[in-house]
Amino acid sequence: MKLLLFGATGMVGQGVLRECLLDPTVEGIVTVGRTATGAQHPKLQEIVRQDLWSYADVAPALSGFQACFFCLGVSSAGMTEKDLLTVARHCFPKSVLESKDIRAAAVRNSKPQA
Ligand SMILES: NC(=O)c1ccc[n+]([C@@H]2O[C@H](COP(=O)([O-])OP(=O)(O)OC[C@H]3O[C@@H](n4cnc5c(N)ncnc54)[C@H](OP(=O)(O)O)[C@@H]3O)[C@@H](O)[C@H]2O)c1
C-alpha cells in the first residue's frame, strides 16, 4: 500500500507517520508540507514546499496512492468561534460546513463570542 500524508510534522501527523512506517503493509509513504519532518526511512519520501496550492511541478510523484491522510491544520483549542469558522472555510467543502451537527461539534471547544 502506498500512502500520501499532509501535515506530517504536526502532533497528529507525526503519529500517523510513525504508525505508517512501522506497518509492514505500507510499502511507501510520501509526505507533503512546508517543513521537513527530519525523519529518515527507506519507505519515506518528503515533498517540502511553501506553495501548498499547486502541484503541477511534482505531479509524477503524486500518483498511485491507495489512501491519503490530511493532518494539516490548526488546533481549535482556545480559538474563537469566528476564527474557527474562518479557518474551516479554507479547509472543508461547503457541504460539510452546512451540516449543523458537524458545525456544532467543531465549535464545541472554541471560546464563546465576545
Ligand atoms: N491534536 C488533536 O487532539 C486534534 C483532535 C482533533 C482534530 N485535530 C485536527 O487535526 C489537525 C492537526 O492537528 P495537530 O494537533 O496535529 O496540529 P499541529 O500539531 O499544530 O500540526 C499542524 C500541522 O499543519 C501544518 N500547518 C499548519 N498551518 C499551516 C500552514 N499555514 N501552511 C502549511 N502547513 C501548515 C503544520 O506544519 P508546520 O510544521 O510547517 O508548522 C503541521 O504539520 C487540525 O486540523 C486539528 O484541528 C487535532
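Here residue 37 fulfils each of the conditions (1) modelled with pLDDT under 95; (2) under 13 Å from residue 6 (Cα atoms) apart from (1). Per the conditions (1) loosely packed, with under 12 Cβ neighbours inside 10 Å; (2) within 13 Å of the ligand (Cβ to nearest atom); (3) among the aliphatic types (A, V, I, L, M); (4) modelled with pLDDT of 85 or more, the sole criterion not satisfied by residue 77 is (4). Residue 84 meets all of the listed conditions (1) surrounded by 10 or more Cβ atoms within 10 Å (Cβ to Cβ); (2) at pLDDT below 85; (3) more than 19 Å from the chain's Cα centre (by Cα) but one, namely (3).
The values are calculated or read from the model by the stated rules, or taken from the named source; none is laboratory data. Here the structure is a predicted model, which means the values were calculated and not measured. With ideal geometry, Cβ positions are generated from the backbone for all residues, glycine too; neighbour counts draw on all protein chains shown.
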